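Report on the following structure.
The values are calculated or read from the model by the stated rules, or taken from the named source; none is laboratory data. This one's a predicted model, so the numbers in the text were calculated from it and none came from an experiment. Note: ideal-geometry Cβ built from the backbone for every residue, glycine included; neighbour counts use all protein chains shown.
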Amino acid sequence: MAGVTEAMVAQLGKDLGQAKLIDTHAHINVEHFAEDRDAVVERAAQAGLSHIVNMGDSMESSQSSVALTKIYPMVYTGVGIHPEEAHPMTQADEDQLASWGVLPKVVAIGEIGLDYYWEKDGDKRQLQRELFIRQLDLARQLHLPVCVHNREAHGDTMEILRKEGKGIVGVMHCFSGSLEIAQELVKMGWFIGVDGPLTFKNAAKLPEIVQKLPLERIVVETDCPYMAPVPMRGKRNEPAFVYHVAAKLAQLRGESLEKVARQTTANALELYPKLEL
Ligand SMILES: [Zn+2]
């Protein structure tokens, strides 16, 4: 893409030394990458990434995401229905998700969860909750972790995880909650996903929260194509830019980038055990 050269990206890879990074949450199956997807994956490898975990957000996008895992060795996927795509899940949908879930490169049910920012209608929010619970049950049956999207629905998301999430671990992706919620998730054995907003000037509480959490519980992600981290803010985001999230995390915690890369990569491998080295 304009402004991002392979030389710049290769420099990011050199800064990491021997350490690797994993983008634990991407959407490179979307149309924004239709023209140059091969180059985007190549740049991710040059920037020091070992894996990209792409996320489906509907039946259709889960299918296209599974297809990418067959093209690119470093790409793995979650499959699931995002709350903004909520619809009553049919038995056929559930059977399809389950049959993808046993594939070796399908590492999670995700992304799933609640979005009360975009959805104001009470009945549709109820539908989101039912869909979320049903997909948590599916994850439990398949012994897969989950990737949870939660926007302005902290209370209901946590209540559902406490009641319906027994035996399931996962990541609260693009974390936007309080320190108390982060600490409760850590106690539950969950991971906290941080991405571009950590680097924004208006990052609110997040910089303080990531300083107080154990590094062993944090994973880094891009959620590309949106929310590019500083210094790429406003551009199309891509997995290589997870470097900038890790660098900000290292700076905030006063630790080396290499240490942060090593630990967050170990965390991603623990979160998603089906990732292969
Ligand atoms: Zn996402």
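Observations on the model:
- Q11 vs. criteria surrounded by fewer than 17 Cβ atoms within 10 Å (Cβ to Cβ), in contact (Cβ under 8 Å) with a residue 40 or more places away in the chain and at negative phi: no
- Close pairs from segment 259-275: first under 18 Å from P104 (Cβ atoms), partner part of a helix (DSSP H, G or I), Cβ under 7 Å, at least 6 apart: L275/A268; L275/L269
- Scope segment 14-42; condition over 29 Å from S256 (Cα atoms), within 15 Å of the ligand (Cβ to nearest atom) and assigned to a loop (DSSP other than H, G, I, E, B); matching residues: N29, V30
- One residue alone among S50, S61, S65 is among the hydroxyl-bearing types (S, T, Y), within 16 Å of the chain's Cα centre (by Cα) and away from the ligand (no atom under 16 Å from the Cβ), and that residue is S50.
- Exclusive hit being more than 16 Å from the ligand (Cβ to nearest atom) and under 18 Å from the mean Cα position of the chain (by Cα), set L103, L142, L136, L114: L136
- Pairs, first without any contact (Cβ under 8 Å) to a residue 40 or more places away in the chain in segment 20-35, second away from the ligand (no atom under 11 Å from the Cβ) and not hydroxyl-bearing (S, T, Y), C-beta under 7 Å, six or more apart: N29/L68
- Scanning segment 1-60 for residues that are in contact with a Ser or Thr (Cβ under 7 Å, 6 or more places away or on another chain) and aromatic (F, W, Y) yields nothing.
- Test result for M59, closer than 20 Å to E221 by Cβ and of a type in the set (A, V, I, L, M): no
- Within the option set T69, T77, T90, being in contact with a Lys or Arg (Cβ under 7 Å, 6 or more places away or on another chain) and closer than 19 Å to Q141 by Cα holds for one residue only, T77.
- The number of residues in segment 145-176 being closer than 19 Å to T24 by Cβ and either within 16 Å of the ligand (Cβ to nearest atom) or in contact (Cβ under 8 Å) with a residue 60 or more places away in the chain (or both) comes to 16.
- Segment 227-258: number of residues that are in a loop (DSSP other than H, G, I, E, B) and in contact (Cβ under 8 Å) with a residue 60 or more places away in the chain: 4
- K163 modelled with pLDDT under 95 and charged (D, E, K, R): no
- Failed item in (1) under 27 Å from A182 (Cα atoms); (2) modelled with pLDDT under 95; (3) not in a helix (DSSP H, G or I), with M89 passing the rest: (1)
- Evaluated against (1) at pLDDT below 95; (2) touching a Leu at 6+ places or on another chain (Cβ under 9 Å); (3) within 16 Å of the ligand (Cβ to nearest atom), G78 falls short on exactly one condition, (1).
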